[in-house]
1. In this structure, does Leu52 turn out to be among the aliphatic types (A, V, I, L, M), without any contact (Cβ under 8 Å) to a residue 60 or more places away in the chain and not assigned by TED's automatic domain parsing to the domain that holds Lys505?
2. Restricting attention to the range 26-50, which residues are in a helix (DSSP H, G or I) and within 24 Å of Asn480 (Cα to Cα)?
3. Output the number of the condition that Leu185 fails; it satisfies all remaining conditions of (1) without any contact (Cβ under 8 Å) to a residue 60 or more places away in the chain; (2) buried (at least 24 other Cβ atoms within 10 Å of the Cβ).
4. For Lys232, work out the one condition from (1) at pLDDT below 90; (2) in a helix (DSSP H, G or I) it doesn't fulfil.
5. Return yes when Leu600 is assigned to a loop (DSSP other than H, G, I, E, B), under 26 Å from Ala501 (Cβ atoms) and of a type outside the set (Val, Ile, Thr) and no when it is not.
6. Any idea which of (1) at pLDDT 90 or above; (2) more than 18 Å from the chain's Cα centre (by Cα); (3) within 30 Å of Trp207 (Cβ to Cβ) is the one Ile389 doesn't satisfy?
7. Has the range 153-166 got at least one residue that is within 15 Å of the chain's Cα centre (by Cα), surrounded by fewer than 24 Cβ atoms within 10 Å (Cβ to Cβ) and part of a loop (DSSP other than H, G, I, E, B)?
Amino acid sequence: MNKDITKKTLLILLIALLIFVLGFAIRAHLLKYNYLFEYDPYWHVRVTGYVLQGNLPTNDPLGFYLTGGTSYTGWPSFLWTFTSWIYKITTFGASYSKELLMSYARVLPAIFGALISVAMFFLGKKMYDTKTGIMMGLLAAVIPAFVYRTMAGFFEEDALGFLWMVVGFIFLVMAIEKSKLQNKLKINSIIYSILAGLFFWLMAITWEMFLLIPLVLIAYFITQIVYLLIRKEKKQKIINFAIIFSIAFLLFASLTTISGGTVWINRTTQYVTQYLPINETNLERINSNTIVESDVVGATVGEENTGRQFFLEKYSLLIFIPFLVIPLIIIYFIKSAFTKKGKEQPADYYTLIIFYWLLITTFMAWTKLKFTYTLGLPIAAGCAYLFFISYKFIEDKSLLQKRIFAFFMLFLVIGSIAASIHFVNTKVNPIENEPDWLSSMNWVKENTAQDSKIFNWWDYGHWITYFTERKASSDNTNSNVSATSDFAKFILTDDINESKALLKKYDADYIMVDSKTLQKHRALALYANLTINFQDPRVQKYLSVRVACQKRTTPITNTVTYVCGNQPFTEADFLQISEKWTTTPAMIDQGTPLYLYRDLDGSAIYLFNAAVNRSIFVRTWFNDPSLEKQAEVVYSSGDVRVYKVNKEIINN
């Protein structure tokens, strides 16, 4: 008997290991890059560095320096602490190393993603059986939407948060499993319930998406109680279920309130009232990407768009799961509730967790692209449920039917693996394509004073503060939109006094900017005027176009041509394009004067209307000799320039 138990345990561990290896291998593709993915991970790894050194300040000492920096106290911080523990334990107490911590930040998200996939295996196993658990774990390991934010280098709280939620679900299921057939509540059930509450709380201090927990659990509890009452289950059984649930939920709610206040209750309630499809306004909100007029960040950040148009990319072959499984579960429970009681099924106690997890996140993903990540795991769980009920259905069917079922499920798994591999292979670490930014930031770090302050566009704030270790005027935390608005005003203004005033306001020592800014004037105007109305005359008055160019030499004749977009230029014509600021338009288009410029290295040409051409920044970029030199180039690398602010001129 003991040998059989040992073999079974070893088999389970082997399955868990294989799921971990699969999940890690797919996510580890981006380890071929030397840096982190996107922008925010640089902020998280920098803050983790402060924690490691034991000196986490109240506010960010580098970002948004004018307004005192982003507050760390209101941010879910467990990722930073947890990573610091891992670093200290695995390095046997080694001191902080920026380079070594970067290595941890690159590999840990892939490990977290693989561990969550293993947890999904155990969740499916506890809910149903080992086969279903394997299906749940495999699909969690490979579904693109979930893979995305757990790829190597995606060091954010998103990568860790779901681990605690899934483990909490496992303990909740174990608690209910131990209690549902008992007339007397056992101590094991209470212990498992307490553990569930603790893990739910861990998610609350790790990631703001913990709001899924109260949304799913409250809906699950109410519906489950109603279901048990309709079926006329034993009173003690219903009481046991209510006790188990209450212990877990109240512990989670109490600890969450103690650690973060009652804001989470208001946010959860607000989400329900605004997105429950009970009225026309909510339905319109679900099916649109309407944004408050002053929320210019929401209007210009891609992840604020609706998510439904990305479902195929995010979920590949499993895109049909929410739309099939949600109705199937409803049908099952209606049928089960109003028929004579038979043998109890696991679905009678656990499946409503999957139902609400899937239902709520489908709504979320439909309304916002940034929420498509949350739907990845419930789709894996929903597909596993589909596997479970289908497998039960065909158990006594013909061999042909069993083969068709096996082929279909194998097709889903293999297709999902292929989709995830393709998905990851298309992702490129953005900074790897920005060598000009890397070299410029390295120059700043090596050649400027440690207390230097940099005036910058918010996109690059986290890069600047991490690589240069200097203060940045704004970053992606968006802690102060006015700082971003001020930089936009600086780029747009044609008033030398306003330009000086902005540099003086921020006491800027340097300006870091790239040539791509010279094509964003309308987007910048949205920030400068804090409006999302693209038809606003203050936005429409700007016209700026940047076109990348390639120099080509004909092998036989050695003839040089420049191709800008689809437009070829002879070398003579290209060199005639002005490289210095001018008041003479290159052409008149329907009465509108247009000004044409080229970069000194021939990498791009620019087309501006008069409003852009007379801006102080364009005049500075193209070296207007008549302009008072409020800032001069001290370093240039391709598209990126570092300007040193002339404080004598600015302060006079």
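The values are calculated or read from the model by the stated rules, or taken from the named source; none is laboratory data. This one's a predicted model, so the numbers in the text were calculated from it and none came from an experiment. Cβ placement follows ideal geometry from the backbone for every residue including glycine, while neighbour counts extend to all protein chains displayed.
1. Values: among the aliphatic types (A, V, I, L, M): yes; without any contact (Cβ under 8 Å) to a residue 60 or more places away in the chain: yes; not assigned by TED's automatic domain parsing to the domain that holds Lys505: yes.
Considered against the rule, which asks whether it is among the aliphatic types (A, V, I, L, M), without any contact (Cβ under 8 Å) to a residue 60 or more places away in the chain and not assigned by TED's automatic domain parsing to the domain that holds Lys505, Leu52 comes out as yes.
2. Let us first name the residues in the range 26-50 that are in a helix (DSSP H, G or I), namely 26-32, 40-50.
Matches in the range 26-50: Asp40, Pro41, Tyr42, Trp43, His44, Val45, Arg46, Val47, Thr48, Gly49, Tyr50.
3. (2)
4. Of everything listed in (1) at pLDDT below 90; (2) in a helix (DSSP H, G or I), Lys232 misses just condition (2).
5. Working: assigned to a loop (DSSP other than H, G, I, E, B): yes; under 26 Å from Ala501 (Cβ atoms): no; of a type outside the set (Val, Ile, Thr): yes.
So Leu600 does not fit the description; no.
6. Going through the list (1) at pLDDT 90 or above; (2) more than 18 Å from the chain's Cα centre (by Cα); (3) within 30 Å of Trp207 (Cβ to Cβ), Ile389 breaks only (3).
7. Yes, the conditions are met somewhere in the range 153-166.
Matching residues to (1) within 23 Å of Gly133 (Cβ to Cβ); (2) part of a loop (DSSP other than H, G, I, E, B):
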{"residue": "Ala384", "(1), (2)": "yes, no"}
{"residue": "Phe393", "(1), (2)": "yes, no"}
{"residue": "Asp396", "(1), (2)": "yes, yes"}
{"residue": "Gly415", "(1), (2)": "yes, no"}
{"residue": "Val424", "(1), (2)": "no, no"}
{"residue": "Lys427", "(1), (2)": "no, yes"}
